[in-house]
There are 6 protein chains.
Amino acid sequence: MSKSVFIGELTWKEYEAKVAEGNCVAMLPVGALEQHGHHMCMNVDVLLPTAVCQRVAERIGALVLPGIQYGYKSQQKSGGGNHFPGTTSLDGATLTHTVQDIIRELARHGVRRLVMMNGHYENSMFIVEGIDLALRELRYAGVDDFKVVALSYWDFVRDPQVIGRLYPDGFLGWDIEHGGVFETSLMLALYPQLVDLDKVVDHPPATFPPYDVFPVIPERTPAPGTLSSAKTASREKGELILSVCVSGISAAVREAFDLAT
Amino acid sequence: MSKSVFIGELTWKEYEAKVAEGNCVAMLPVGALEQHGHHMCMNVDVLLPTAVCQRVAERIGALVLPGIQYGYKSQQKSGGGNHFPGTTSLDGATLTHTVQDIIRELARHGVRRLVMMNGHYENSMFIVEGIDLALRELRYAGVDDFKVVALSYWDFVRDPQVIGRLYPDGFLGWDIEHGGVFETSLMLALYPQLVDLDKVVDHPPATFPPYDVFPVIPERTPAPGTLSSAKTASREKGELILSVCVSGISAAVREAFDLAT
Amino acid sequence: MSKSVFIGELTWKEYEAKVAEGNCVAMLPVGALEQHGHHMCMNVDVLLPTAVCQRVAERIGALVLPGIQYGYKSQQKSGGGNHFPGTTSLDGATLTHTVQDIIRELARHGVRRLVMMNGHYENSMFIVEGIDLALRELRYAGVDDFKVVALSYWDFVRDPQVIGRLYPDGFLGWDIEHGGVFETSLMLALYPQLVDLDKVVDHPPATFPPYDVFPVIPERTPAPGTLSSAKTASREKGELILSVCVSGISAAVREAFDLAT
Amino acid sequence: MSKSVFIGELTWKEYEAKVAEGNCVAMLPVGALEQHGHHMCMNVDVLLPTAVCQRVAERIGALVLPGIQYGYKSQQKSGGGNHFPGTTSLDGATLTHTVQDIIRELARHGVRRLVMMNGHYENSMFIVEGIDLALRELRYAGVDDFKVVALSYWDFVRDPQVIGRLYPDGFLGWDIEHGGVFETSLMLALYPQLVDLDKVVDHPPATFPPYDVFPVIPERTPAPGTLSSAKTASREKGELILSVCVSGISAAVREAFDLAT
Amino acid sequence: MSKSVFIGELTWKEYEAKVAEGNCVAMLPVGALEQHGHHMCMNVDVLLPTAVCQRVAERIGALVLPGIQYGYKSQQKSGGGNHFPGTTSLDGATLTHTVQDIIRELARHGVRRLVMMNGHYENSMFIVEGIDLALRELRYAGVDDFKVVALSYWDFVRDPQVIGRLYPDGFLGWDIEHGGVFETSLMLALYPQLVDLDKVVDHPPATFPPYDVFPVIPERTPAPGTLSSAKTASREKGELILSVCVSGISAAVREAFDLAT
Amino acid sequence: MSKSVFIGELTWKEYEAKVAEGNCVAMLPVGALEQHGHHMCMNVDVLLPTAVCQRVAERIGALVLPGIQYGYKSQQKSGGGNHFPGTTSLDGATLTHTVQDIIRELARHGVRRLVMMNGHYENSMFIVEGIDLALRELRYAGVDDFKVVALSYWDFVRDPQVIGRLYPDGFLGWDIEHGGVFETSLMLALYPQLVDLDKVVDHPPATFPPYDVFPVIPERTPAPGTLSSAKTASREKGELILSVCVSGISAAVREAFDLAT
């Protein structure tokens, strides 16, 4: 029981002991419930950062908090738009206050190091605001040594060689990777039972004008909801991504928090 | 893939089809990250209502939303108090707005029937407020047929005979069942690997004066954090509870939503 | 003039002097404007806790703040539901912030001991949240010795002998005591002119399924709005309740705040 | 019992019947808990508008809601400042939302005419905002015939002859009437037991520069907290004011709501 | 470049140096976008306090922040009402939080002296609330020497002789000066190109009953939106007003902040 | 006077007439007060989108609202970080509600087409949230034809040839363009008096790890606050950018709103 990296699977005494050791790093996956095309389940943005958290935590001795299951509203150019059935999103303030509340509680426990592991592009700024409000409040409480690392796991795939292996025909940018090769490959590596490659719709990459229109014009999103085709996704690509993310993030967290390697 | 009752494990097309059938019932487990004594993990209040939801959903053809992982602040007389390490709680408004946001989105999808399955005593009134604010807002949007059933699963264990089998020496009330026979038995039936009966501290039931003091006086909570001893918990009791809850709640939901049996 | 226990009836100099003595206990009645059946006025939940406050304050030398006149939304199983004309309720956040604001101001005055005297069941958790937010904020202001006792006055009627005298035919639980024997008897003892026993509707106790439905199903509440019959209410019972509450609460407050008896 | 103009003293059936008659006018006193000098109690701003409401209601057949007991923060030039012990004020948003919530509920009851009777200068703009937010929300609910009259009762004393009788030596403006001749006279007419004329401090009228400084400079407020001397207050003046206010407001409400006289 | 009094026109190094000198006074104009009759543009309430700020800042060595461009909702008796096209107003809380946020940031920069220069009557109380919330929060951060002077520039025109020159036929009060002689004269002195005197509608001063009605009754406002006629406005009067305001406010700010003259 | 494209410089009658013509497009610049290096003033993010708005408005017959002067908190990787003196930022909710309030008011005026012209990278998501909340609320009010185009003006510089002329040595991405060639060139073309090229610090482009740390590590930002050197900025480049933006955005707005060209 006490071997789990998931805080939810520990007793409070085990958690207390872990925090008392000092240097305890908590990791918080932040996801979404969002359509990911015809071929993939809707909790991808929770499953993936949770899986990355788990592997990083095992490697560096960190703990993983229960993930935030709902995220900010899907935007057309990054997630297809918030008009799809199934996509279930929070107002920005709700997400921000969830982050703020969790940080306040972690500080009470004695934790001083947190990794926010974002799995849904649109969450970023509301996470940032939650962190800012929380750290401001903690300063009022006399706590000024709480440190947060905020990241989106895909940002660690930067090596041109890796990108070349993932996208032999050229990389078109993270923005249209919603439900595409990247996420689908990771799901194939981690949760193949939640992917049905036969249902991938092979459409050209979505293109958008350099502005957004509200209310969204649904026709601008490719009908299946994905922004690029997952046709060339594979388990091997997913394993590569996972390995790159886990090692990159592990190193980054160690560096950011001055942890021994 | 499409057989799952968990919305997160469906594609949006599968979900859309299910909603289009009409009469779709969505179920939302609302839990907490909270200490549950020396012998049990901290995500009990998420795991249990989720498990009940899953079984009810299978029986009545409903769908289960990703659970709310963090709940309202633990109170001394019902959860030991919010001063324990590990217990990680939200402000009331954060929980309320999470509920409100999810209901607003479900209504957009076309859903009109929701079961709020509470697993953490202290959540109740903030869930109620979230429902009220959401239904009020939906009326402004012209939606007046959205219906919510709100329940705490333990309230369905009312049969004196069942209670007699669970507590042969007498039942002392739900309020002190935090981390006691009830929850521990359910966990033994569902997640035995997350319980360590050897670590149960066998203390007399907690007693409290008829008032609350803030800030909490930690000494008033039994040291392990449980409010009654789980010593007589058993897998069999857990299976009995589960069976009673699942059948009772299934019947109640069918009745409340006029579903065919 | 200076003899009053009501803060509103003191000059600020009298109040200042009282606070300067040290150990000053402030008491805040929190009520509601809510239907209480055909036979009773709608401000019962303000009048009763205020009357209890007054008597306790006289006994222990405390002061009574102006009561909060509006409370949280009436729930069907405890107050009949919020659909009745006359019932006039606040959103949860409004009640919570009212409590928070008052505590912040009391702290500025130098008060460090507060009794929240609740007279309306549905208020409890929003009062708790107001206290929590206020004490958290006070800690940021460097005030960490503000202490609050929160109670609902009826919780002090626990002696089985007393309950036997009030309910010779058996007690069915506080939850259905809305507008019933308990409140009506107290009103007969305190404000007989606001009760018309002839208008009591003698209906069987309300029974509810173990779940709530929103929007409320009005037919589930007995037509007069009461949850049990007040037929056997009497002035004598009211005096008994009052005496039990006043002495019990006085003792509790003394104990909680380490006051000399 | 049913003769009372106070809604809190009616049963819900009596209130329902009154509203069903049509043209029902509800009146809401909005006050404060605020220092009013050495010679007067602190709930003056609740007592006075409530008394005016009662008399107007009796005259025009209106109903009076329970008063809002706490108001916005006392400002130096109109109330002496919020630094006095005893003065217990709400944040602006708390007052605004209280007003908004009450209006929303009145609309649900079927009421369409409300008089906001302000008794505390600093409340005005937060009442206005509460009304605006409520009417906006009601429009979303399809209610567009809810009408509010907002007033401060002292604004009805405009007749130069009356002012001449109240202030034979010249009137210096409402702004410094805090705890002065006006309010003290009214209290002498209505609640003489809550005034102690012997304790009036006879100081020259407060004078202020044409700007405000925050944090407040306490020395700028006359030491007793009043902004002008109440030395020439009298019961007769109070009766005159009351009579002028009651008749003026009664006429105004009738006019504003097209009521028969 | 560095000679500007406008913070927005400085580099951060220039600003930093100015603050480091000590005694730095920041000035924040708070305006509105609001109709000002047929003869004047709608940003009068921003232009005028900004112009006054600029001149005062030049005289006393202060700096001027970018003005708040939108203000609180226009009220009928002071601005004609919020029903006019063009008038674009904020909710009270939005204005309050804008003020609070700016003060929090100034304090972080090391500024400790701020002048709030209001140009729109209806803003006052929401500015006051923003200041109060900000100073309260700063105290939690350990900053207790931040001082704010809040003023409306017209309050500095108090000299009866000056008023006599502006209103030779008698002054009717600031409340009806919306779009009248005062503002129009100032605009003629400062931005004559934004005034078209030919379009002034010469109507009698607006008169209102001593109460407000919501929703507003548009007919009660003179049709052009002004509350008194600007017919006798002139550039000379504007220069007089400007001179009186600038010298009065300069002296007041020096006095309030103990600045050398 | 009526020739201005700035709404603030129109009378309400002129504005009313313009809106009555139909198809009126309002444009709202959203900026910030933020450090822009040693060589540039701090209101760049207001001046630039306002200038673009003005030119687009002139071309397509639109109107320009007063700009929002304060923006969301500067982030290290896009604006250097919010720790610089002078940078004066709003909480996310404040910016969001400002946008929501303005849209609500425009809708009341009869406007149905709005362009949000963002000039500060960090604002984007809080603008999006403001738009979403406003359109949601407008739907409750029965307005479902309000359309918003949201854009950041730099996104219209996409032509590789143009980018080649701006960055002959290679383009490193918009993210590090804070205070660099792009903004500086535009300022040279528009407000040369607010730029001092001699003070440009010629540093290598900022590089950051693929994660953020909070609180910010100031040393990671180049000391002058810029993220890339403006050394090669020129008036000519600024004119090119301006021309590309104005024509691109004009075309986009016409297209999005189906305006005749």
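Note on surface exposure: C:D258, D:D169, F:D45 rank D:D169, C:D258, F:D45 by accessible area, highest first, 1.4 Å probe. Beta bridges per DSSP, both residues in chain F: antiparallel share near 10 percent.
Taking θ as phi - 60° and the Karplus parameters 6.51, -1.76 and 1.60, the scalar couplings of the stretch F:168-182 work out to x, 9, x, 9, 9, x, 5, 4, 9, 7, 5, x, x, 4, 4 Hz in sequence order, x denoting glycine and proline. Here the stretch B:183-246 is treated as a Stokes sphere of Kirkwood radius computed over C-alpha pairs; at 37 °C and 0.692 mPa s its diffusion coefficient rounds to 246 µm²/s. Evaluating 6.51 cos²θ - 1.76 cosθ + 1.60 at θ = phi - 60° for every residue in the stretch E:140-146, the Karplus couplings come out as 5, 7, x, 9, 10, 10, 7 Hz, glycine and proline recorded as x.
Per residue of F:210-222, other chain Cβ atoms within 10 Å of the residue Cβ number 6 on average.
Of the residues B:V201, B:Q161, B:P218, the one whose Cα sits farthest towards the positive end of the charge dipole of the stretch B:115-218 is B:Q161 (charges of +1 on Lys and Arg Cβ, -1 on Asp and Glu Cβ, taken about the Cα centre). Projecting the Cα atoms of D:L151, D:M42, D:L186 onto the dipole axis of the stretch D:7-257, where Lys and Arg carry +1 and Asp and Glu carry -1 at the beta carbon, places D:L151 farthest toward the positive end. Placing a label point 7 Å from Cα along the Cα-to-Cβ direction at F:D175 gives distances to the equivalent points in the other copies of 1.4, 5.5, 5.5, 5.5, 5.8 nm, listed shortest first. Using a simple spin-label model with pseudo-atoms 7 Å out from Cα toward Cβ, E:D198 and C:L259 lie 7.9 nm apart. When DSSP beta bridges are restricted to pairs lying wholly in the protein assembly as shown, around 25% turn out antiparallel. Taking amide H positions as modeled 1.01 Å from N, with prolines and chain starts lacking one, the residues under 5 Å from A:H38 and 5 or more places away or on another chain are A:V201, A:T226. Solvent-accessible area assigned to carbon and sulfur over the protein assembly as shown amounts to 51 percent, based on a 1.4 Å probe. Calculated translational diffusion coefficient of the stretch C:80-182 (4 °C, 1.567 mPa s; Stokes-Einstein with Kirkwood radius over alpha-carbon pairs) equals 81 µm²/s. In order along the stretch D:122-127, phi translates into HN-Hα couplings of 5, 6, 3, 6, 6, 5 Hz, rounded to whole numbers, per the Karplus curve 6.51 cos²θ - 1.76 cosθ + 1.60 with θ = phi - 60° and x for Gly and Pro. Rounded to the nearest 10 degrees, the angle from helix F:92-109 to the longest Cα principal axis of chain F is 30 degrees. For the rotational copy relationship between B and F, the axis lies nearest to a chain B beta carbon, identified with its distance in whole angstrom as B:Y140, 2. Using a 1.4 angstrom probe on protein heavy atoms only, which residues from the stretch C:1-21 are buried by at least 10 Å² of accessible area when all chains are present rather than their own chain alone? Hits at the 10 Å² cut-off: C:M1, C:I7, C:G8, C:E9, C:L10, C:T11, C:W12, C:K13, C:E14, C:Y15, C:E16. Residue by residue along A:38-45, Cβ atoms of other protein chains within 10 Å of the local Cβ number 5 on average. The H on the amide N of A:N118, modeled in the peptide plane, is under 5 Å from the matching H of A:V30, A:L151, A:S152, A:Y153, each at least 5 residues off or on a different chain. The smallest convex shape that holds all Cα atoms of the stretch D:7-257, its convex hull, gives 128 Å³ per residue. Placing +1 on the Cβ of every Lys and Arg and -1 on the Cβ of every Asp and Glu, with nothing else charged, gives the stretch B:7-257 a dipole about its Cα centre of roughly 360 debye. Pull out a ≥ b ≥ c, the square roots of the eigenvalues of the alpha-carbon gyration tensor of the stretch A:109-261, then state rounded if a/c is under 1.5, prolate if not and a/b is larger than b/c, and oblate in the remaining case. It is oblate, given that a/c is not under 1.5 and a/b is not larger than b/c.
Copy-to-copy label distances for C:H83, where each label lies 7 Å from Cα along Cα-to-Cβ, are 3.6, 3.6, 4.4, 5.4, 5.8 nm in order of increasing length. Along its three principal directions, the equivalent ellipsoid of the stretch D:1-84 from the Cα gyration tensor extends over semi-axes of 32, 11, 10 Å, largest first. Helices in the protein assembly as shown, meaning DSSP H runs of at least 4 residues, each add -39500 (n - 2.57). Divided by all residues, the mean residue ellipticity at 222 nm is -12500 deg cm²/dmol.
Annotation for D:E219, label-to-label distances across the other copies: 4.8, 4.8, 5.6, 7.4, 7.4 nm (shortest first, one decimal, point 7 Å from Cα along Cα→Cβ).
Counting only protein chain heavy atoms and rolling a 1.4 Å probe, the accessible areas of C:H203, C:H97 rank, largest first, as C:H97, C:H203.
Which of the three applies to the protein assembly as shown, rounded, prolate or oblate, going by the alpha-carbon gyration tensor with a ≥ b ≥ c and a/c under 1.5 meaning rounded? Oblate, since a/c reaches 1.5 and b/c is not below a/b.
The values are calculated or read from the model by the stated rules, or taken from the named source; none is laboratory data. Keep in mind that what you see is a predicted model, and the values were worked out from it rather than measured. Positions of Cβ are generated from backbone atoms using ideal geometry, with glycine treated the same way; all protein chains shown enter the neighbour counts. These accessible areas exclude ligands, DNA and RNA; they are computed on the full protein's heavy atoms, side chains included. Shrake-Rupley method; radii C 1.70, N 1.55, O 1.52, S 1.80 Å.
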